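A short reminder: the numbers here are calculations on the coordinates, not readings from a lab. On a predicted model such as this, the values are computed, not experimentally measured, just so you know. Cβ atoms come from the backbone with ideal geometry, glycine included; neighbour counts cover every protein chain shown.
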Amino acid sequence: MADAAVSAPHAGAQETYSITLPVREYQPTHFRLDVDGKTAVITLNRPERKNPLTFHSYAELRDLFRALQFDEEVKTVVVTGAGGNFCSGGDVFEIIEPLLSRDMPGLLQFTRMTGELVKAMRACPQPIVAAIDGVCVGAGAIVAMASDLRVGTAGAKVAFLFNRVGLAGCDMGACAILPRIIGQGRASELLYTGRVMSGEEAERWGFFNRLASSETVLDEAKALADSLSAGPTFANAMTKRMLHMEWDMSVDQAIEAEALAQAVCMKTEDYRRAFEAFAAKQKPVFEGN
């Protein structure tokens, strides 16, 4: 189980959570975790405040996603928020106000720690599906952005509102990742203005993969995650890895890297199962190996 060790002087900046495997047995302190079959559902669970993040929840989420790299049971992850909202960003009184009194090394500790959450989300092999309703702003929009797939609602409100609090839009990888999802011009508009992107606009621009109702958004996200869990999960993890790595490759380098990756996948039992099922006119049952 987990033992939380808090270090001074800046709680959260160097805080670590010892998460033992399997992840299904872990009981988080700062959010909810439910593992159903092969899918882990992470619920930001402060609905009375629209699920803001704190120093502690940042650190615990980071360490959970790091642990997922080594978990052999969980094949997909769903991230959502309780009470009809996804996440209202960093808590005003538990993060923003305390940061005003930090020196530059202390501030850099914090900004690097928040970036480590995005790194951990991108490094974990499981595809991450975000189920987004209501408010999804600031760091909440970043968590949605760092997910692999996003199911949203027409009533969702997405905003990268850093400039509205006097900060740059370049936070937690936003300037690198957001343009790759919705394009450079659209990302520039959102990051310069901090304006709200409606759910319908998010779907039209490609930030949301699909729209659902508020009543069904979590169910649809879980169904999508479950369908990925039922697929060739070793190959899915390879796809996620290559999608991430190829940002920094030339086309020729990417083609060679994909040749190597695909050759590895051709040695899996799932590849053999797919052929045998096709030959028998049956649907393949993948096992992720």
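Please report, ordered by residue number, every helix of the chain (full DSSP H runs) that is 27 Å or longer along its axis going by C-alpha atoms and whose mean Kyte-Doolittle hydropathy reaches -0.5.
Those that pass (Cα extent of 27 Å or more, hydropathy at least -0.5) are 104-123.
Give me, ordered by chain and number, the residues 5 or more places off Met197 or on other chains with an amide H under 5 Å from its own placed amide H.
Sorted by chain and number, the residues that satisfy this are Val158, Ala159.
Treating the beta-carbon of each Lys and Arg as +1 and of each Asp and Glu as -1, no other charges, what is the dipole magnitude of segment 23-230 about its Cα centre, to the nearest 20 debye?
520 debye
Dividing the convex hull volume of the Cα atoms of segment 233-280 by its residue count, what figure in Å³ per residue is obtained?
Spelled out: Cα convex hull of segment 233-280, divided by residues, is 68 Å³.
Is the C-alpha gyration tensor of segment 126-270 telling us rounded, prolate or oblate? Criteria: a/c under 1.5 is rounded; beyond that, a/b larger than b/c is prolate, otherwise oblate.
Because a/c hits 1.5 or more and a/b fails to exceed b/c, segment 126-270 counts as oblate.
How big is the dipole moment of segment 162-289 about its Cα centre under a simple scheme where the beta carbon of each Lys and Arg is +1, that of each Asp and Glu is -1, and everything else is neutral? Debye, nearest 20, please.
So the dipole magnitude of segment 162-289 works out to roughly 60 debye.
Using alpha-carbon positions, what is the distance between the centroids of segment 43-118 and segment 211-283, in Å?
Going from one Cα centre to the other spans 28 Å.
How big is the Kirkwood radius of the chain, worked out from every pair of different alpha carbons and given in Å to one decimal?
About 19.8 Å, per the Kirkwood formula over Cα pairs.
What ranking, highest mean first, results for peptides 226-232, 84-90 when packing means the other Cβ atoms within 10 Å averaged over each residue?
The most tightly packed comes first, giving 84-90, 226-232.
Would you mind classifying segment 81-197 by shape? Square roots of the alpha carbon gyration tensor eigenvalues, ordered a ≥ b ≥ c; an a/c under 1.5 is rounded, otherwise it is prolate if a/b is larger than b/c and oblate if not.
The shape class here is rounded.
Could you tell me which of Gln69, Phe160, Phe275 has its Cα farthest along the dipole of the chain towards the positive end, charges placed at Cβ (Lys, Arg +1; Asp, Glu -1), taken about the Cα centre?
Phe160
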